[in-house]
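Some notes on the structure that comes next.
The values are calculated or read from the model by the stated rules, or taken from the named source; none is laboratory data. None of the values given here were measured: they were computed from a predicted structure. Here the Cβ positions follow ideal geometry from the backbone for every residue, glycine too, while neighbour counts run over all protein chains shown.
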Amino acid sequence: MELSDTGWGQVLTRLEKLRLVHVLHKGAAKPAIDAHPLIREHFASQLSGQHLDVWCAAHRRLYEHLTATTEEFPDTLEGLLPLYQAVAHGCKAGMHQEAYDDVHFRRIRRGNEYYSIHRLGALGADLGAVACFFEEPWKRVTAAMPEAKQAVILGQAAFCLRALGRLTETIEPMRATADFMQRLNDWKQAAMASNNLSELELTLGEVGGAVGDAERSVVYADRSDVVFHRISKRATLANSMHQAGRRDEAQARFREAEEMQKKNQAQYPLLYSVGGFQFCDLLLADAGRAAWELQLNPNPEARNPRLIEVCREVEQRAAQTIKIAERNAWLLDIALDHLTLGRAVLYASILDLSAIGNRRSIVENLRSAVEGLRRAGTSHHLPRGLLTRAWLRFLEDDPVGARTDLDEAWEISERGPMRLYMADIHLYRARLFKDKEELKKAREMIEDCGYWRRKEELEDAEAAVKGE
């Protein structure tokens with residue numbers, strides 16, 4: 001039965017009142033009609049179940065249209081959105097291999113450049129694209145992909161999940177990737193997977209497991225004979241040893257990695273990127289502890305000129321490595337280098353009252369660090385910046401601002417759960433606000449995690465409490 005224009009208008013009006021459709025451009029000769037998502041899903045299910053060939057053909061056309069009409073290599077997230085949509089349509093059309101190789105890997109990530117992640121911080125969008133290749137999210141990749149590529153996709157999903165703070169969802173795909181690559185004797189990918197697993201375990205507070213998987217990542221990296229991975233995996237091992245309280249071993253591993261870096265890239269003799277940040281974190285550890293001691297028990301005679309000099313040396317390091325990060329527009333690395341600069345100057349200003357005039361430098365670097373970590377989309381790094389800024393705010397007589405930063409860091413960390421950060425937050429609250437209950441919680445968590453890097457700081461805080 002054909003409806004008159006009036007009758008058709010009445011039908012649309014009734015359906016819209018029932019919120020089953022939404023009519024755009026009312027009154028036009030051919031109004032645009034959008035159905036409720038549940039209705040679209042219902043008919044999509046019917047079409048894919050009863051007319052699979054038609055379903056695939058429709059999605060193929062959308063895939064071809066989007067890939068053909070979109071700029072080859074868009075520079076912005078907005079420009080990449082049609083390509084992300086193309087990946088989804090390509091997978092629904094059964095074109096998984098092409099959608100991954102030609103669109104997701106080549107045009108969105110730009111191969112091993114990882115443009116969408118390192119330059120744009122588009123971790124959520126990337127995870128959405130990777131999800132299209134799963135039959136069961138984060139557990140089973142479609143059999144339409146080659147076995148080796150299934151493991152790579154598992155690893156990519158795990159990487160994005162971790163960066164978005166969804167740590168409990170990350171464990172299964174990350175461990176599966178490491179096991180998968182080891183069985184395939186793909187030592188490069190096995191090194192990367194074990195490295196990522198170590199970093200995840202460290203964030204979760206499983207320090208012993210993190211050291212073990214970091215050691216495996218070094219073994220696999222050496223077998224791969226890829227110099228970049230031999231360097232970066234040693235830095236990861238060094239960092240896990242540092243958090244475990246094995247300071248001398250950690251420093252030796254960092255030095256070893258930096259010697260390898262110097263031979264591999266003579267123009268860049270210092271460790272940079274995340275590994276460089278972690279090395280600076282170790283180098284600043286004594287200065288950070290001394291600064292906290294002075295806050296807990298002000299004593300001008302305790303000021304150590306050598307530690308002030310270390311702060312200056314680390315500041316010079318970060319001033320060099322940030323140039324590399326800025327040249328490559330690596331959002332995370334730029335933010336971490338700003339954090340190192342802010343910490344180095346903050347510690348020096350506490351240890352050396354004559355450096356108090358550097359307040360503006362501290363404020364600007366910590367602001368850039370926190371804002372940069374947000375832009376990078378890496379929630380598993382954000383608490384680092386918030387913790388240091390909380391300390392600065394407290395020193396500037398802004399206890400409300402300090403609590404706000406600590407509360408935000410706690411919200412992120414508890415959701416993970418990121419237990420090393422949680423231990424740090426307890427310790428910060430105890431020291432800044434003389435909270436004995438927080439100090440007890442800090443000890444419990446530090447002992448439970450094996451987070452012995454904080455042992456001396458914890459003891460200093462406990463001694464200060466007893467001396468009150």
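Just name the residue that is modelled with the lowest pLDDT out of those in the range 7-25 that are loosely packed, with under 13 Cβ neighbours inside 10 Å and touching a Pro at 6+ places or on another chain (Cβ under 9 Å).
Restricting to residues being loosely packed, with under 13 Cβ neighbours inside 10 Å and touching a Pro at 6+ places or on another chain (Cβ under 9 Å), the top hit is His25.
Just checking, does the range 318-335 include any residue being under 23 Å from Trp452 (Cβ atoms) and either at pLDDT 95 or above or touching a His at 6+ places or on another chain (Cβ under 8 Å) (or both)?
no
Determine whether the range 451-462 contains at least one residue that is without any contact (Cβ under 8 Å) to a residue 60 or more places away in the chain, among the hydrophobic types (A, V, I, L, M, F, W, C) and out of contact with any Lys or Arg (no Cβ under 7 Å at 6 or more places or on another chain).
No, there is no match, as no residue in the range 451-462 is without any contact (Cβ under 8 Å) to a residue 60 or more places away in the chain, among the hydrophobic types (A, V, I, L, M, F, W, C) and out of contact with any Lys or Arg (no Cβ under 7 Å at 6 or more places or on another chain).
If I ask for residues that are hydroxyl-bearing (Ser, Thr, Tyr) and in contact with a His (Cβ under 6 Å, 6 or more places away or on another chain), which ones from the range 48-98 would you list?
Tyr63
Restricting attention to the range 125-133, does a residue exist that is farther than 14 Å from Pro74 by Cα, charged (D, E, K, R) and touching a Ser or Thr at 6+ places or on another chain (Cβ under 6 Å)?
yes
Grab the helices (runs of 4 or more DSSP H) fully contained in the range 93-209, keeping just those with 2 or more residues being touching a strand residue (DSSP E or B) at 6+ places or on another chain (Cβ under 8 Å).
Per the criteria, 147-163.
I'd like the residue in the range 26-73 that is more than 20 Å from Ala93 (Cα to Cα) and either touching a Ser or Thr at 6+ places or on another chain (Cβ under 8 Å) or at pLDDT below 65 (or both) and, out of all such residues, is surrounded by the most Cβ atoms within 10 Å (Cβ to Cβ).
Taking the candidates together, the pick is Lys26.
Taking the range 227-266 as the search range and keeping residues that are assigned to a loop (DSSP other than H, G, I, E, B) and modelled with pLDDT of 95 or more, which one is nearest to Thr378 (Cα to Cα)?
Ala244
Can you name the residue in the range 152-176 that is among the basic types (Lys, Arg) and surrounded by fewer than 22 Cβ atoms within 10 Å (Cβ to Cβ) and, of all such residues, is farthest from the chain's Cα centre (by Cα)?
Going through the qualifying residues, I end up with Arg175.
Determine which member of the set Ala409, Ala442, Ala423, Ala464 is out of contact with any Asp or Glu (no Cβ under 6 Å at 6 or more places or on another chain), modelled with pLDDT under 95 and in a helix (DSSP H, G or I).
Ala464
So how many residues does the range 371-396 have that are at pLDDT 95 or above and exposed (fewer than 15 other Cβ atoms within 10 Å of the Cβ)?
Final tally of qualifying residues: 1.
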